[in-house]
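Student: Dropping the structure in here first, questions after.
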Amino acid sequence: MPDTTFFDPSHYVLIIKCPDTRGIVAAVSGYLNDNDISIVESNQFNDAQGGNMFYVRVVFKQAGPRMPPMEILREGFKPIAHRFAMDWEIHNLSVKPRIVIAVSKFGHCLYELLHRWRAGLLPADIAAVVSNHEDMRSFVEWNGLPYIHLPITKDTKAEQEAAFLKILEDQKADLLVLARYMQILSDDFSARVAGRCINIHHSFLPSFKGAKPYHQAHQRGVKIIGATAHYVTEDLDEGPIIEQDVQRVNHGHTPEQLVAIGQDIEARVLARAVTWHVERRVIINGGKTVVFS
(Lines give C-alpha, C1' and ligand atoms only; values in the text may rest on other atoms or scores of the structure.)
Protein backbone atom coordinates (compact mmCIF):
# COMPACT_ATOMS: atom_id res chain seq x y z
CA MET A 1 0.00 0.00 0.00
CA PRO A 2 1.41 3.42 -0.92
CA ASP A 3 2.86 5.29 2.04
CA THR A 4 1.88 8.95 1.87
CA THR A 5 4.34 9.84 4.63
CA PHE A 6 6.88 10.34 1.81
CA PHE A 7 4.83 13.18 0.32
CA ASP A 8 6.50 16.58 0.63
CA PRO A 9 5.19 19.65 -1.25
CA SER A 10 8.73 20.99 -1.60
CA HIS A 11 9.64 18.05 -3.83
CA TYR A 12 9.22 17.34 -7.54
CA VAL A 13 8.17 14.11 -9.24
CA LEU A 14 9.17 12.62 -12.58
CA ILE A 15 6.82 10.03 -14.13
CA ILE A 16 8.00 7.84 -17.02
CA LYS A 17 6.39 5.13 -19.16
CA CYS A 18 8.42 3.60 -21.99
CA PRO A 19 9.60 0.33 -23.56
CA ASP A 20 12.09 -1.39 -21.29
CA THR A 21 15.72 -1.36 -22.35
CA ARG A 22 19.15 -0.99 -20.76
CA GLY A 23 20.33 2.40 -19.57
CA ILE A 24 17.07 4.13 -18.63
CA VAL A 25 17.73 4.45 -14.91
CA ALA A 26 21.36 5.44 -15.47
CA ALA A 27 20.37 8.15 -17.95
CA VAL A 28 17.68 9.57 -15.67
CA SER A 29 19.77 9.54 -12.50
CA GLY A 30 22.78 10.96 -14.35
CA TYR A 31 20.73 13.84 -15.74
CA LEU A 32 19.32 14.71 -12.34
CA ASN A 33 22.76 14.53 -10.71
CA ASP A 34 24.25 16.79 -13.39
CA ASN A 35 21.63 19.40 -12.52
CA ASP A 36 22.32 19.56 -8.78
CA ILE A 37 19.33 17.38 -7.94
CA SER A 38 19.04 14.78 -5.18
CA ILE A 39 16.74 11.75 -5.58
CA VAL A 40 14.49 11.32 -2.54
CA GLU A 41 12.50 8.29 -3.65
CA SER A 42 12.62 6.04 -6.72
CA ASN A 43 10.31 3.25 -7.87
CA GLN A 44 10.47 1.16 -11.03
CA PHE A 45 8.35 -1.62 -12.51
CA ASN A 46 8.89 -3.81 -15.57
CA ASP A 47 5.62 -5.19 -16.93
CA ALA A 48 7.02 -8.27 -18.59
CA GLN A 49 3.51 -9.61 -19.19
CA GLY A 50 2.25 -6.37 -20.75
CA GLY A 51 4.53 -5.61 -23.66
CA ASN A 52 7.76 -5.28 -21.67
CA MET A 53 6.93 -1.72 -20.64
CA PHE A 54 8.93 0.11 -17.98
CA TYR A 55 7.37 2.45 -15.43
CA VAL A 56 9.30 4.89 -13.23
CA ARG A 57 8.38 7.36 -10.50
CA VAL A 58 11.23 9.49 -9.16
CA VAL A 59 10.77 12.06 -6.40
CA PHE A 60 13.56 14.62 -6.23
CA LYS A 61 14.59 17.91 -4.65
CA GLN A 62 17.11 20.65 -5.20
CA ALA A 63 20.51 19.73 -3.78
CA GLY A 64 22.53 22.75 -4.86
CA PRO A 65 22.40 26.14 -6.58
CA ARG A 66 22.81 24.77 -10.12
CA MET A 67 19.32 23.24 -10.35
CA PRO A 68 17.67 25.13 -13.24
CA PRO A 69 14.09 26.44 -13.36
CA MET A 70 11.51 23.79 -14.18
CA GLU A 71 11.03 24.93 -17.80
CA ILE A 72 14.75 24.54 -18.50
CA LEU A 73 14.87 21.21 -16.64
CA ARG A 74 12.05 19.87 -18.80
CA GLU A 75 13.66 21.14 -21.99
CA GLY A 76 16.97 19.51 -21.10
CA PHE A 77 15.27 16.18 -20.45
CA LYS A 78 13.68 15.99 -23.91
CA PRO A 79 16.69 14.34 -25.65
CA ILE A 80 16.68 11.54 -23.06
CA ALA A 81 12.93 11.11 -23.43
CA HIS A 82 13.26 10.94 -27.21
CA ARG A 83 16.13 8.44 -27.00
CA PHE A 84 14.05 5.99 -24.95
CA ALA A 85 10.61 6.77 -26.51
CA MET A 86 9.24 7.94 -23.18
CA ASP A 87 5.84 9.22 -22.21
CA TRP A 88 6.86 11.47 -19.33
CA GLU A 89 5.84 14.28 -16.99
CA ILE A 90 7.60 16.39 -14.37
CA HIS A 91 5.41 17.90 -11.65
CA ASN A 92 6.07 20.40 -8.90
CA LEU A 93 4.33 18.89 -5.87
CA SER A 94 3.74 22.33 -4.38
CA VAL A 95 1.25 22.95 -7.20
CA LYS A 96 -1.90 21.28 -5.94
CA PRO A 97 -4.25 19.64 -8.45
CA ARG A 98 -7.76 21.10 -8.61
CA ILE A 99 -10.61 18.70 -7.89
CA VAL A 100 -14.33 18.87 -8.62
CA ILE A 101 -16.42 16.37 -6.64
CA ALA A 102 -19.78 15.07 -7.89
CA VAL A 103 -22.29 13.64 -5.42
CA SER A 104 -25.98 12.73 -5.32
CA LYS A 105 -27.84 11.91 -2.08
CA PHE A 106 -25.36 9.62 -0.26
CA GLY A 107 -22.73 11.67 1.56
CA HIS A 108 -20.34 9.13 3.10
CA CYS A 109 -17.64 9.39 0.41
CA LEU A 110 -17.95 13.18 0.29
CA TYR A 111 -17.61 13.40 4.09
CA GLU A 112 -14.38 11.38 4.03
CA LEU A 113 -12.85 13.42 1.22
CA LEU A 114 -13.63 16.76 2.86
CA HIS A 115 -12.40 15.51 6.23
CA ARG A 116 -9.05 14.52 4.74
CA TRP A 117 -8.87 17.78 2.79
CA ARG A 118 -9.53 19.91 5.89
CA ALA A 119 -6.98 17.87 7.87
CA GLY A 120 -4.29 18.48 5.26
CA LEU A 121 -4.15 14.82 4.26
CA LEU A 122 -5.41 15.36 0.72
CA PRO A 123 -2.86 17.52 -1.15
CA ALA A 124 -5.33 19.14 -3.54
CA ASP A 125 -7.58 22.16 -3.91
CA ILE A 126 -11.29 21.31 -4.02
CA ALA A 127 -12.73 23.78 -6.50
CA ALA A 128 -16.43 22.90 -6.21
CA VAL A 129 -18.98 20.21 -5.46
CA VAL A 130 -21.55 19.42 -8.17
CA SER A 131 -24.78 17.56 -7.48
CA ASN A 132 -28.03 16.62 -9.18
CA HIS A 133 -29.74 17.04 -5.80
CA GLU A 134 -29.76 19.66 -3.04
CA ASP A 135 -29.19 17.25 -0.13
CA MET A 136 -25.49 17.99 0.44
CA ARG A 137 -25.64 21.77 0.03
CA SER A 138 -25.55 22.80 3.71
CA PHE A 139 -22.63 20.49 4.52
CA VAL A 140 -20.59 21.62 1.52
CA GLU A 141 -21.22 25.31 2.09
CA TRP A 142 -20.43 24.90 5.80
CA ASN A 143 -17.00 23.73 4.60
CA GLY A 144 -16.65 26.96 2.61
CA LEU A 145 -16.93 25.36 -0.83
CA PRO A 146 -19.12 26.27 -3.81
CA TYR A 147 -22.11 23.97 -4.29
CA ILE A 148 -23.45 23.78 -7.83
CA HIS A 149 -26.87 22.21 -8.35
CA LEU A 150 -27.26 20.57 -11.77
CA PRO A 151 -30.62 18.79 -11.84
CA ILE A 152 -31.04 16.20 -14.56
CA THR A 153 -33.89 14.35 -16.24
CA LYS A 154 -33.95 11.87 -19.08
CA ASP A 155 -34.83 14.71 -21.45
CA THR A 156 -32.15 17.13 -20.21
CA LYS A 157 -29.17 14.78 -19.91
CA ALA A 158 -27.26 16.27 -22.87
CA GLU A 159 -27.74 19.85 -21.64
CA GLN A 160 -26.82 18.91 -18.07
CA GLU A 161 -23.63 17.19 -19.13
CA ALA A 162 -22.67 20.13 -21.34
CA ALA A 163 -23.10 22.42 -18.33
CA PHE A 164 -21.08 19.98 -16.22
CA LEU A 165 -18.20 19.99 -18.72
CA LYS A 166 -18.32 23.79 -18.76
CA ILE A 167 -17.91 23.81 -14.97
CA LEU A 168 -14.87 21.55 -15.21
CA GLU A 169 -13.38 23.89 -17.80
CA ASP A 170 -14.17 27.07 -15.86
CA GLN A 171 -12.77 25.60 -12.64
CA LYS A 172 -9.63 24.37 -14.45
CA ALA A 173 -10.26 21.00 -12.86
CA ASP A 174 -7.47 18.43 -13.04
CA LEU A 175 -9.63 15.65 -11.60
CA LEU A 176 -13.33 14.81 -11.34
CA VAL A 177 -14.28 12.55 -8.42
CA LEU A 178 -17.60 10.72 -8.55
CA ALA A 179 -18.34 10.37 -4.83
CA ARG A 180 -21.47 8.23 -5.27
CA TYR A 181 -22.77 10.38 -8.10
CA MET A 182 -25.72 8.23 -9.09
CA GLN A 183 -25.86 9.03 -12.79
CA ILE A 184 -24.56 7.01 -15.74
CA LEU A 185 -22.25 9.22 -17.75
CA SER A 186 -22.63 9.33 -21.52
CA ASP A 187 -19.89 7.91 -23.72
CA ASP A 188 -19.02 11.42 -24.88
CA PHE A 189 -18.70 12.74 -21.33
CA SER A 190 -16.63 9.71 -20.28
CA ALA A 191 -14.29 10.19 -23.22
CA ARG A 192 -13.84 13.88 -22.40
CA VAL A 193 -12.70 13.11 -18.83
CA ALA A 194 -10.73 9.93 -19.57
CA GLY A 195 -7.74 9.52 -17.27
CA ARG A 196 -8.91 12.29 -14.95
CA CYS A 197 -12.15 10.95 -13.49
CA ILE A 198 -12.35 8.46 -10.61
CA ASN A 199 -15.46 6.52 -9.62
CA ILE A 200 -16.33 4.29 -6.66
CA HIS A 201 -18.65 1.29 -6.68
CA HIS A 202 -19.44 -1.71 -4.52
CA SER A 203 -17.60 -4.85 -5.58
CA PHE A 204 -20.84 -6.77 -6.00
CA LEU A 205 -20.94 -5.63 -9.61
CA PRO A 206 -21.76 -7.32 -11.89
CA SER A 207 -23.29 -9.98 -9.62
CA PHE A 208 -25.72 -7.62 -7.89
CA LYS A 209 -26.82 -4.94 -10.32
CA GLY A 210 -29.67 -2.51 -9.90
CA ALA A 211 -31.38 -1.28 -6.77
CA LYS A 212 -30.34 -2.25 -3.23
CA PRO A 213 -27.23 -4.33 -4.01
CA TYR A 214 -26.49 -4.86 -0.31
CA HIS A 215 -29.96 -6.28 0.21
CA GLN A 216 -29.41 -8.60 -2.76
CA ALA A 217 -26.10 -9.65 -1.25
CA HIS A 218 -27.78 -10.32 2.09
CA GLN A 219 -30.32 -12.58 0.42
CA ARG A 220 -27.48 -14.55 -1.20
CA GLY A 221 -25.59 -14.89 2.07
CA VAL A 222 -22.34 -13.27 0.98
CA LYS A 223 -19.29 -13.64 3.24
CA ILE A 224 -17.17 -10.77 1.87
CA ILE A 225 -18.19 -7.28 0.79
CA GLY A 226 -15.98 -4.62 -0.67
CA ALA A 227 -15.51 -1.63 -2.95
CA THR A 228 -13.50 -0.67 -6.01
CA ALA A 229 -12.16 2.73 -7.10
CA HIS A 230 -11.37 2.99 -10.80
CA TYR A 231 -10.88 5.43 -13.64
CA VAL A 232 -13.98 6.15 -15.69
CA THR A 233 -14.10 4.87 -19.25
CA GLU A 234 -16.86 4.39 -21.79
CA ASP A 235 -17.22 0.82 -20.49
CA LEU A 236 -19.38 1.17 -17.39
CA ASP A 237 -17.53 0.19 -14.19
CA GLU A 238 -14.76 -1.51 -16.18
CA GLY A 239 -12.08 1.20 -16.15
CA PRO A 240 -8.54 0.68 -14.80
CA ILE A 241 -8.69 -0.20 -11.11
CA ILE A 242 -6.77 1.99 -8.66
CA GLU A 243 -7.70 0.53 -5.27
CA GLN A 244 -9.92 -2.14 -3.70
CA ASP A 245 -10.71 -3.30 -0.19
CA VAL A 246 -12.92 -5.96 1.42
CA GLN A 247 -14.29 -6.94 4.80
CA ARG A 248 -15.65 -10.25 5.99
CA VAL A 249 -19.29 -10.41 7.08
CA ASN A 250 -21.47 -13.22 8.34
CA HIS A 251 -25.01 -14.53 8.60
CA GLY A 252 -25.71 -12.32 11.60
CA HIS A 253 -25.40 -9.02 9.76
CA THR A 254 -28.64 -7.34 8.74
CA PRO A 255 -28.99 -5.62 5.35
CA GLU A 256 -28.71 -2.27 7.12
CA GLN A 257 -25.45 -3.34 8.78
CA LEU A 258 -24.09 -4.43 5.40
CA VAL A 259 -24.95 -1.00 4.00
CA ALA A 260 -23.05 0.69 6.85
CA ILE A 261 -20.02 -1.58 6.46
CA GLY A 262 -20.06 -1.16 2.69
CA GLN A 263 -20.27 2.62 2.89
CA ASP A 264 -17.28 2.73 5.23
CA ILE A 265 -15.25 0.65 2.77
CA GLU A 266 -16.35 2.81 -0.17
CA ALA A 267 -15.34 6.01 1.61
CA ARG A 268 -11.84 4.90 2.50
CA VAL A 269 -11.15 3.18 -0.84
CA LEU A 270 -12.17 6.28 -2.81
CA ALA A 271 -10.16 8.58 -0.53
CA ARG A 272 -7.03 6.47 -0.97
CA ALA A 273 -7.44 6.35 -4.75
CA VAL A 274 -7.90 10.12 -4.99
CA THR A 275 -4.92 10.78 -2.71
CA TRP A 276 -2.63 8.50 -4.74
CA HIS A 277 -3.76 10.12 -7.97
CA VAL A 278 -3.02 13.67 -6.81
CA GLU A 279 0.32 12.53 -5.40
CA ARG A 280 1.18 11.27 -8.91
CA ARG A 281 1.51 7.67 -7.74
CA VAL A 282 -0.75 6.13 -10.38
CA ILE A 283 0.19 5.37 -13.99
CA ILE A 284 -2.44 3.97 -16.33
CA ASN A 285 -1.19 0.80 -17.99
CA GLY A 286 -3.72 -0.03 -20.68
CA GLY A 287 -6.70 -1.52 -18.86
CA LYS A 288 -4.78 -1.64 -15.56
CA THR A 289 -2.80 0.71 -13.36
CA VAL A 290 0.63 0.79 -11.78
CA VAL A 291 0.36 2.25 -8.26
CA PHE A 292 3.73 3.08 -6.72
CA SER A 293 4.35 3.01 -2.99
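Student: Assigned by TED's automatic domain parsing to the domain that holds His149, over 11 Å from the mean Cα position of the chain (by Cα), buried (at least 21 other Cβ atoms within 10 Å of the Cβ) and modelled with pLDDT of 95 or more: is that true of Ala271 in this structure? So that I can check it myself, show each step before the final result.
Tutor: On the way: assigned by TED's automatic domain parsing to the domain that holds His149: yes; over 11 Å from the mean Cα position of the chain (by Cα): no; buried (at least 21 other Cβ atoms within 10 Å of the Cβ): yes; modelled with pLDDT of 95 or more: yes.
Here the answer is no, as Ala271 does not meet what is asked.
Student: Considering each residue of segment 179-205, count those that are assigned to a loop (DSSP other than H, G, I, E, B), within 29 Å of Arg220 (Cα to Cα) and in contact with a Leu (Cβ under 8 Å, 6 or more places away or on another chain), and give that number. Show your work before the answer.
Tutor: Initially, segment 179-205 is screened for residues assigned to a loop (DSSP other than H, G, I, E, B), giving 179-186, 193-196, 203-205.
Restricting the remaining residues to those that are within 29 Å of Arg220 (Cα to Cα) gives 179-184, 203-205.
With the extra rule that they be in contact with a Leu (Cβ under 8 Å, 6 or more places away or on another chain), the set shrinks to 179-180, 184.
Result for segment 179-205: 3.
Student: Within segment 28-51, how many residues turn out to be assigned to a helix (DSSP H, G or I) and in contact with a strand residue (DSSP E or B) (Cβ under 7 Å, 6 or more places away or on another chain)? Spell out the reasoning first.
Tutor: First pass over segment 28-51, keeping only residues assigned to a helix (DSSP H, G or I): 28-34.
If we keep only those that are in contact with a strand residue (DSSP E or B) (Cβ under 7 Å, 6 or more places away or on another chain) as well, we get 28-29, 32.
Selection size over segment 28-51: 3.
Student: Specify which of the listed residues (His91, His133, His115) is of a type outside the set (Gly, Ala, Ser) and part of a helix (DSSP H, G or I). Step through it out loud before you land on a result.
Tutor: Numbers: His91 fails: part of a helix (DSSP H, G or I); His133 fails: part of a helix (DSSP H, G or I).
Answer to the check: His115.
Student: Right, next: Just give me the residues in segment 147-178 being in a strand (DSSP E or B) and either surrounded by 15 or more Cβ atoms within 10 Å (Cβ to Cβ) or not assigned by TED's automatic domain parsing to the domain that holds Thr228 (or both), in sequence order.
Tutor: Within segment 147-178, the subset in a strand (DSSP E or B) is 147-149, 175-178.
Tyr147, Ile148, Leu175, Leu176, Val177, Leu178, listed by residue number.
Student: Could you check how many residues of segment 1-27 are part of a strand (DSSP E or B) and more than 16 Å from Asp87 (Cα to Cα)?
Tutor: Going through segment 1-27, the residues part of a strand (DSSP E or B) turn out to be 12-19.
Restricting the remaining residues to those that are more than 16 Å from Asp87 (Cα to Cα) gives 12.
Selection size over segment 1-27: 1.
Student: Across segment 184-198, what is the total count of residues that are surrounded by fewer than 19 Cβ atoms within 10 Å (Cβ to Cβ), closer than 24 Å to His108 by Cβ and at pLDDT 95 or above? Break it down into steps so the answer makes sense when it comes.
Tutor: Taking segment 184-198 first, the residues surrounded by fewer than 19 Cβ atoms within 10 Å (Cβ to Cβ) are 184, 186-188, 191-192, 194-196.
Then drop every residue that is not closer than 24 Å to His108 by Cβ, which leaves 184, 196.
Subset that is at pLDDT 95 or above: 196.
Adding up the residues that qualify gives 1.
Student: So Pro65 ticks every box in (1) in a loop (DSSP other than H, G, I, E, B); (2) under 30 Å from Asp245 (Cα atoms); (3) of a type outside the set (Val, Ile, Thr); (4) over 18 Å from the mean Cα position of the chain (by Cα) but one. Which box is left unticked?
Tutor: (2)
Student: Return yes when Ile101 is part of a strand (DSSP E or B) and either more than 26 Å from Val259 (Cβ to Cβ) or modelled with pLDDT under 95 (or both) and no when it is not. Can you show your working first?
Tutor: Working: part of a strand (DSSP E or B): yes; either more than 26 Å from Val259 (Cβ to Cβ) or modelled with pLDDT under 95 (or both): no.
No; evaluated as a whole, the condition is false for this residue.
The values are calculated or read from the model by the stated rules, or taken from the named source; none is laboratory data. Nothing here was measured: the structure is a model prediction, and the numbers come from that model. Here Cβ is always computed from backbone atoms with ideal geometry, including for glycine, and neighbour counts include all displayed protein chains.
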